[in-house]
1. Within the range B:405-424, can you find the residues that are closer than 16 Å to B:G346 by Cα and buried (at least 22 other Cβ atoms within 10 Å of the Cβ)?
2. Out of all the residues in the range B:122-140, which are farther than 21 Å from B:A48 by Cβ and open to solvent by 20 Å² or more (accessible area, probe 1.4 Å)?
3. Can you pull out the residues in the range B:25-41 that are open to solvent by less than 30 Å² (accessible area, probe 1.4 Å) and part of a loop (DSSP other than H, G, I, E, B)?
4. Got a number for residues in the range B:231-255 being outside any helix (DSSP H, G or I), open to solvent by 20 Å² or more (accessible area, probe 1.4 Å) and at pLDDT 90 or above?
5. Going by the conditions given, is B:F350 under 18 Å from the mean Cα position of the chain (by Cα) and surrounded by 21 or more Cβ atoms within 10 Å (Cβ to Cβ)?
6. Taking the stated definitions as given, is B:A322 within 25 Å of the chain's Cα centre (by Cα), crowded, with 21+ Cβ neighbours inside 10 Å and either modelled with pLDDT of 95 or more or within 11 Å of chain A (Cβ to nearest Cβ) (or both)?
7. Of the residues that make up the range A:78-86, is at least one touching a residue at least 12 places away in the same chain (Cβ under 8 Å) and β-branched (V, I, T)?
8. Quick test for you: out of A:D313, A:D298, A:D289, pick the one residue that is of a type in the set (D, E, K, R), touching a residue at least 12 places away in the same chain (Cβ under 8 Å) and open to solvent by 70 Å² or more (accessible area, probe 1.4 Å).
2 protein chains.
Amino acid sequence: MSSTLAELTELLPVVQPREPVSVADRIAASAATTGGSLSTWDFHQWFAERRRTGGFRIERIPFSKLRGWSFEPGTGNLVHSSGRFFSVEGLHVTTDDGPHKEWFQPIIKQPEVGILGILVKEFDGVLHFLMQAKMEPGNRNLLQLSPTVQATRSNYTKVHQGTDVKYIEYFTGTGRGRILADVLQSEHGSWFYHKSNRNMIVEVDGDVPLDDDFCWLTLGQISELLHQDNLVNMDSRTVLACLPAYGAGAVRGDDFSQSLARSRDPEAGALLTDVDLLSWFTSERSRYDVRAERIPLDQVPGWTRDEARIGKDDGRWFNVVAVEVQAGNREVTSWTQPLIEPCSRGIAAFLTRSFDGVLHVLANAKVEGGFLDTVELAPTVQCSPDNFEGLQVRPPFLDLVLEAAPERVRYDAIHSEEGGRFLYAENRYLVIEADEQDAPIEPPTGYQWVTVSQLTALIKHGHYVNVQARTLLACLNAMGHLTDD
Amino acid sequence: MSSTLAELTELLPVVQPREPVSVADRIAASAATTGGSLSTWDFHQWFAERRRTGGFRIERIPFSKLRGWSFEPGTGNLVHSSGRFFSVEGLHVTTDDGPHKEWFQPIIKQPEVGILGILVKEFDGVLHFLMQAKMEPGNRNLLQLSPTVQATRSNYTKVHQGTDVKYIEYFTGTGRGRILADVLQSEHGSWFYHKSNRNMIVEVDGDVPLDDDFCWLTLGQISELLHQDNLVNMDSRTVLACLPAYGAGAVRGDDFSQSLARSRDPEAGALLTDVDLLSWFTSERSRYDVRAERIPLDQVPGWTRDEARIGKDDGRWFNVVAVEVQAGNREVTSWTQPLIEPCSRGIAAFLTRSFDGVLHVLANAKVEGGFLDTVELAPTVQCSPDNFEGLQVRPPFLDLVLEAAPERVRYDAIHSEEGGRFLYAENRYLVIEADEQDAPIEPPTGYQWVTVSQLTALIKHGHYVNVQARTLLACLNAMGHLTDD
C-alpha cells in the first residue's frame with residue numbers, strides 16, 4: 001500500500017491550498033435563507049409534537065434517593081458507583097488580583113471530553129444543519145434544540161448501557177465528510193473544573209437517514225430561533241459560534257446592522273491589530289497568579305449539606321440538588337442524577353460601540369476558578385445580579401446594562417445553560433449599544449474592544465473565548481442576517 | 001481625558017488594519033544579513049571576554065548544604081523557605097493510551113509566568129536583536145547567548161533581593177514599542193508541571209543604552225551561531241521560534257533548500273488544510289485521557305533519595321541534585337539551588353519530506369506528564385536513547401534517526417536546555433531527510449506532516465508546539481537563509 005501511495009505522489013499533486021474551498025459563501029447563503037426544506041411553521045409543529053410524545057417528567061429528590069450516586073466516605077464528594085460520568089467535589093481558589101482574592105465552592109469534575117457536533121448537508125444547493133429535539137432535565141421547558149450529537153465519552157462508549165448515540169459515526173469515523181470546525185472549547189468555569197468539549201461541524205454529501213427527533217434547518221432558520229427564549233440549547237450555540245467566518249453578510253439596514261456586518265468581515269480593520277490583541281490577552285493571562293486546588297467537598301467552608309441540597313449559608317450563588325428523570329426518547333428511560341441549581345437568573349451582555357463604522361464588543365478577560373488557564377474572554381457583564389444585592393462592590397458596567405434604554409438594546413433573549421448538569425440555569429443575553437460616556441475607547445484594565453471577526457478567529461483555538469461569550473457571538477451572527485430579510 | 005479621546009475619534013480614524021505593517025520583509029532582510037553592527041569575529045571576541053570576566057564556578061553539593069532550601073516535613077517536597085522560586089514535588093500520571101499507561105516521577109512546580117523577551121531595533125535599516133551573554137549554572141560551558149530579558153516573576157519583583165533585571169521596562173511597561181510576538185509557551189513537560197513562559201519580541205525606535213553583557217546581532221548572525229553547539233540558549237531559541245512568518249527567503253540552493261524556503265511561505269500549500277490540521281490535533285488531544293496528579297515527593301515509588309541525589313532505582317531518566325553557584329555578573333553573586341540532571345544526552349529530530357516541492361516535517365502529538373493539556377506537537381523523535389537500552393519497545397523512528405546516512409542529515413547540533421533548572425541537559429537536534437520507505441505519506445497514528453509555515457502559525461498560540469519542536473523550528477529558519485550566502 002505504501003508503494004502505491006509513493007507512486008501516486010509522483011503522479012498527482014498531494015499538496016493542497018491551506019484554505020482550499022471557501023465555504024464562507026455557502027454558509028452566508030444558508031444564513032440568508034429562512035425558508036428551508038422544512039418551513040419554520042412546520043418546524044414548530046414538529047417540535048410541539050416531539051414535546052408531546054416525549055413524556056418527560058422531572059422530580060426533585062433527596063440525595064438518599066439517588067441511585068448509583070453517593071457521598072464518598074472521607075471526602076464527602078458526590079460520586080457515581082461506576083467511577084464515570086462526573087463527580088461533585090470542592091475547589092479552593094486563590095488569586096493575587098481582582099475583587100475576590102480567595103474563595104471555596106463545590107465544583108463538577110468531569111474529565112472526559114465530550115463531542116458536540118452538528119452535521120451539515122446541502123439540500124437544493126443550500127446548507128442545512130441537522131438539529132435534534134432533545135430533552136435535558138435541567139431545562140425549564142425540558143425539550144430544546146440541540147446539536148446532531150451531544151455525547152459524553154460515557155455516552156458513546158455505553159457506560160450507561162443505554163442505546164447508541166445517533167449519528168455519532170459521522171464525527172468519530174475517519175473520512176466521513178469535510179470538517180468545517182473541530183476545536184476543544186471550555187465550558188462554565190464557575191461550575192466545571194477544567195471541562196472542555198469537542199465542538200465539531202462536519203459536512204457530508206451522501207444520503208443521511210432522518211430520525212424522528214431530528215430535522216434539517218438552514219442557518220437563517222436557526223438564527224430566527226435564536227431570538228426566542230429557551231429554544232436553542234447551549235450546546236447548539238457554542239457549536240454555531242465555531243462556524244468559520246462567513247463574511248460581511250447584510251450590508252443594508254441601519255447603521256448598527258451595517259457596522260455589525262463590517263465587524264464580521266475579516267478584511268475590516270479593528271482598534272487593535274491581531275498581534276496587539278494576542279499580546280493584551282497574554283498580558284491578562286500573565287497578570288493573574290490563580291491557584292485552584294481541588295479539595296474534599298465536605299471541607300468547603302461556608303457551604304452546608306442537608307438532605308436535598310448543598311448550599312451556601314448566605315443563600316447566594318448556587319445549590320447542588322438531585323432529581324429523578326423520566327424520559328421516553330432518551331438513551332435510558334429513567335435515571336437519577338445531581339444537578340447544579342443557580343439561585344437566580346444571570347446576565348451576559350456585550351456592550352458595543354462602532355469605531356469608524358466597525359462594530360466592536362467590549363470583552364472582559366475573566367478569571368473563573370475552573371478554567372484550565374486563568375482567564376478567558378467573557379462578555380462585558382457576566383453575573384447574577386442577585387448575588388451582589390446589598391454589597392458595596394458591584395461588577396463594572398452592571399448598572400449600565402440593567403438600566404439601558406430600550407432603543408439601545410439590540411438583542412435580548414433568555415437562554416438556558418447546559419441542561420444535563422444545571423437546573424434552571426438561565427441567562428439573559430443582551431447586546432447593548434454604548435457611547436464614550438458609558439464605555440470609553442480606552443477601556444479599564446481587564447477589558448478590551450474586539451471585532452466579531454477577531455472573536456471568530458480566536459474561537460478557532462480553545463480557551464480564548466468562554467461559553468457565555470460564544471453564545472453572544474452566535475447571537476451576533478444571528479442578528480446581522482435577520483435584518484437582511 | 002475621555003472627552004478628548006471622544007473628540008479624537010470623531011476626527012481621526014482609530015481603526016487600523018489587523019495586520020498593518022508587514023514586518024516580514026524586514027525580518028527576512030535581517031536574516032539575510034550576516035555582517036551586523038558587530039562583526040561575527042568581534043562577537044566571538046566579545047563573548048570570550050565575557051566568559052573570562054564572569055568568574056563563574058559551579059560545585060555539586062549535598063542537599064544538606066543548600067541554603068534556604070529544605071525537604072518539607074510530611075511531603076518530602078524540596079522547597080524554598082520564601083515559598084517562592086520553585087519546588088520539586090512528585091507526579092503520578094495515568095493515561096489510557098500509549099506505551100506507558102502509568103508512571104511516577106519527581107517534577108518541578110513553578111507556577112510563576114516568567115518573561116523571555118528579545119528587544120529588536122533597526123541599525124542602518126537592518127533589524128538587530130539584543131542578545132545577552134548569560135551564565136546559567138546548568139550549562140556545561142556556563143555562558144550562553146540568551147534573550148535580552150530572561151526573568152522569573154521572582155527575579156523582577158526582587159524576591160531574591162538581587163539587582164534589577166536589565167531592560168525589563170521594555171517588556172512590562174505599556175507603549176514601549178511595537179509588539180512582534182507575545183505568547184505563553186510551555187516548557188519541558190517531562191520536568192516541569194504546567195510551566196509556561198511569556199515569549200516576547202518587542203521593537204523599539206529610540207536609543208537603547210548598551211550594557212557590557214549585551215550585544216546587537218542580526219538574525220543572520222544568530223542563524224550562524226545556531227549551527228554551533230551549546231551557544232544559543234534554550235530561551236533564545238524558543239523566543240526566535242515565535243518570530244512572525246517571514247516569507248520564502250532563499251530560493252536559490254539545492255532542492256532541499258528550495259523546498260524549505262517554500263515550506264516557510266504562508267502562501268504555499270500543504271498536505272493538510274489548516275482546518276484539517278487543527279482537527280487532527282483536536283482528535284489527538286481528545287484521544288488521551290491523561291490524569292496527572294501531584295503527589296508528595298517522598299511518595300514517588302521507584303525513586304530513592306540519598307544525601308546528594310534523588311534518582312530512579314534503575315539508573316534511567318534523571319536525578320535531582322544540588323549545586324552551589326559563584327558568579328560575578330549575575331543578579332546575586334553566590335547561591336545554592338536544586339537542578340534536574342538527565343542521566344544521558346537526548347535526541348530531538350524532525351524527519352522531513354518534500355511533497356510537491358514543499359518541505360514537510362513529521363510532528364508527533366506527544367503526551368508529557370507536566371503539560372497543561374495532554375499533548376503538544378513534538379519532534380518526530382524526542383527521547384534519550386539510553387533510557388531504552390535493553391528494552392523491547394523502542395520509540396518509533398529512533399533507529400532510523402540513529403542510523404541516518406550523513407548526506408541525509410541536514411542539521412546537526414547539540415543545544416542545552418534551560419540551564420537555570422537543568423544540569424547538563426543536552427539534546428542533539430537533527431533535521432533528517434526521509435523517503436516513503438522510512439516515513440510514509442500516511443503516517444502512523446499520532447504523527448502528522450506539517451509545513452514550517454503551519455508550525456509558525458500554530459506558535460502564535462500557546463500549547464500547540466513543545467519546546468523541543470520550537471528549537472527545531474528556530475533551526476529550520478536558521479538553515480534556509482544560510483544557504484543564501
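The values are calculated or read from the model by the stated rules, or taken from the named source; none is laboratory data. All of these numbers come straight from a predicted model, not from anything done at the bench. Neighbour counts are summed over all protein chains in view; Cβ atoms, including those assigned to glycine, are modelled from backbone coordinates with ideal geometry. What goes into the accessible areas is simple: the full protein's heavy atoms, side chains included, and nothing from ligands, DNA or RNA. Shrake-Rupley method; radii C 1.70, N 1.55, O 1.52, S 1.80 Å.
1. Across the range B:405-424, the qualifying residues are B:H415, B:S416, B:E417, B:E418, B:G419, B:F422, B:L423.
2. B:E122, B:F123, B:D124, B:G125, B:V126
3. Keep residues of the range B:25-41 that are open to solvent by less than 30 Å² (accessible area, probe 1.4 Å), which gives B:27-28, B:30-31, B:36.
Once the filter is applied, which keeps residues that are open to solvent by less than 30 Å² (accessible area, probe 1.4 Å) and part of a loop (DSSP other than H, G, I, E, B), the range B:25-41 yields only B:G36.
4. 1
5. Numbers: under 18 Å from the mean Cα position of the chain (by Cα): yes; surrounded by 21 or more Cβ atoms within 10 Å (Cβ to Cβ): yes.
Taking the combined requirement at face value, the residue satisfies it.
6. Values: within 25 Å of the chain's Cα centre (by Cα): yes; crowded, with 21+ Cβ neighbours inside 10 Å: yes; either modelled with pLDDT of 95 or more or within 11 Å of chain A (Cβ to nearest Cβ) (or both): yes.
Here the answer is yes, as B:A322 does meet what is asked.
7. The first filter runs over the range A:78-86 and keeps only residues touching a residue at least 12 places away in the same chain (Cβ under 8 Å), leaving A:78, A:80-82, A:84-86.
Narrowing further to those that are β-branched (V, I, T): none.
No: zero hits.
8. Working: A:D313 fails: touching a residue at least 12 places away in the same chain (Cβ under 8 Å); A:D289 fails: open to solvent by 70 Å² or more (accessible area, probe 1.4 Å).
Of A:D313, A:D298, A:D289, the one residue that is of a type in the set (D, E, K, R), touching a residue at least 12 places away in the same chain (Cβ under 8 Å) and open to solvent by 70 Å² or more (accessible area, probe 1.4 Å) is A:D298.
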